[in-house]
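In what follows, a single structure is set out as structure tokens and then discussed.
The values are calculated or read from the model by the stated rules, or taken from the named source; none is laboratory data. Source: prediction; values computed, not measured. Using ideal geometry, Cβ is built from the backbone for each residue, glycine included, and neighbour counts are taken over all protein chains shown.
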Amino acid sequence: MTNLIKQIIDDLMKPVFEDLRATPLWIKWVVIVITCAATIPLALIFRSRTSYSDKPKIHFIQNMDNQPKFVSQEPNALFLDGRAMRPKIKGTIAQDGMAGNTHKFMGIIDGAWADTYPPSLTVDRDFIRRGQERFNIYCAPCHGIGGFGDGIIHKRATQLVETGVNGTSWVAPKNLHEEVVREQPVGQLFNSITNGIRTMAAYGSQIPVDDRWAIISYMEALQVSQNANPDSVEGANALPHKDSSNEGSGE
Ligand code: HEC
């Protein structure tokens, strides 16, 4: 058995060894040198992967990977304080700084719309005044000064739609005195202002958080102005009453 295997190997290898012996010496040397040289790139790659160099990496396709810029903590003589990193703008909130306070920043308490104002805010006359000012700037153009959904933009858009000038369509701004809006918890209103609602755009990026809450307080004031309960006013019974056949809650 072993003899048989030896025989087979001999038969196979004999021609190979004979060829080898017949090969000219220079070809043998060329093969040896090339084989040794082939390990050089591997050695270089290994070396550069395990050693440290001060030089920048070889970077064939630059795209726009390297450009002059300041990175964090670098000095910059352009600014008086010599820092490249600028101090936070007043009122900046880190993203994780919001995480704990969903009430103030999202209008949500325990997964449901908040129906109270965030405790850090005081809803007083000044706050509502501020809300009025902001409402008149940001909301009145569409929703109207009184919140009836009859702002100047609405009027103009209706005109354009009716005359077919632009071939556009227009969704009317909501009347903020409608029951569907009046019944909403303040947190839901906060969310509508922050993130927009259906066709209405988001105002979160333009109106700071406190001002959004101030606007809500003013919206509530507007709503009370149209739907107040006369019983909440002392001596109201002595005053003339709205006709009960009229729409709305009079008595
Ligand atoms: C560019 C016009 C425009 C401006 C400005 C605007 N809104 Fe609206 N608003 C709309 C439109 C349109 C709707 C109705 C959206 C719909 O039904 O698709 C709407 C709907 C609403 C609603 C009803 C949401 C609901 O649940 O039905 C509230 C509340 C509201 N807006 C509040 C505000 C407040 C507060 C501001 C100011 C910060 C404001 N809007 C600014 C156009 C506007």
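Summary of values
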{"read-out": "Residue in the stretch 45-56 that is exposed (fewer than 10 other Cβ atoms within 10 Å of the Cβ) and of a type in the set (A, V, I, L, M, F, W, C) present", "value": "no"}
{"read-out": "Residue in the stretch 157-168 that is modelled with the lowest pLDDT, counting only those that are away from the ligand (no atom under 11 Å from the Cβ) and either charged (D, E, K, R) or under 20 Å from Arg198 (Cβ atoms) (or both)", "value": "Thr168"}
{"read-out": "Leading residue by the ranking (surrounded by the fewest Cβ atoms within 10 Å (Cβ to Cβ)) among those in the stretch 86-114 that are touching a Gly at 6+ places or on another chain (Cβ under 7 Å) and not β-branched (Val, Ile, Thr)", "value": "Trp113"}
{"read-out": "Gly146 vs. criteria under 19 Å from Ala214 (Cβ atoms), at pLDDT 90 or above and not β-branched (Val, Ile, Thr)", "value": "yes"}
{"read-out": "Some residue of the stretch 118-138 being within 23 Å of the chain's Cα centre (by Cα), within 11 Å of the ligand (Cβ to nearest atom) and either modelled with pLDDT of 95 or more or surrounded by fewer than 14 Cβ atoms within 10 Å (Cβ to Cβ) (or both)", "value": "yes"}
{"read-out": "Candidates Ile152, Ile93, Ile109, filtered to the one that is in the same structural domain as Ile193 (by TED's automatic domain parsing) and within 19 Å of Tyr203 (Cβ to Cβ)", "value": "Ile152"}
{"read-out": "Among the candidates Ser217, Ser205, Ser192, residue that is modelled with pLDDT of 95 or more and either farther than 21 Å from Gly146 by Cβ or more than 7 Å from the ligand (Cβ to nearest atom) (or both)", "value": "Ser217"}
{"read-out": "Residue within the stretch 185-197 that is within 28 Å of the chain's Cα centre (by Cα), outside any helix (DSSP H, G or I) and more than 15 Å from Cys139 (Cβ to Cβ) present", "value": "yes"}
{"read-out": "Neighbours by Cβ (under 9 Å, 6+ apart or cross-chain): first from the stretch 222-251, assigned by TED's automatic domain parsing to the domain that holds Glu133 and at pLDDT 70 or above; second part of a loop (DSSP other than H, G, I, E, B) and exposed (fewer than 10 other Cβ atoms within 10 Å of the Cβ)", "value": "Gln226/Gly248; Asn227/Gly248; Pro230/Leu239; Val233/Leu239"}
{"read-out": "Count of the stretch 198-244 residues which are more than 44 Å from the chain's Cα centre (by Cα) and surrounded by 10 or more Cβ atoms within 10 Å (Cβ to Cβ)", "value": "6"}
{"read-out": "Condition met for Arg182 (near the ligand (Cβ under 9 Å from one of its atoms) and either touching a strand residue (DSSP E or B) at 6+ places or on another chain (Cβ under 9 Å) or not hydrophobic (A, V, I, L, M, F, W, C) (or both))", "value": "no"}
{"read-out": "The stretch 21-45 residues that are over 24 Å from Lys57 (Cβ atoms), paired with ones that are of a type in the set (Val, Ile, Thr) and part of a helix (DSSP H, G or I) (beta carbon under 9 Å, 6 or more apart)", "value": "Thr23/Val31"}
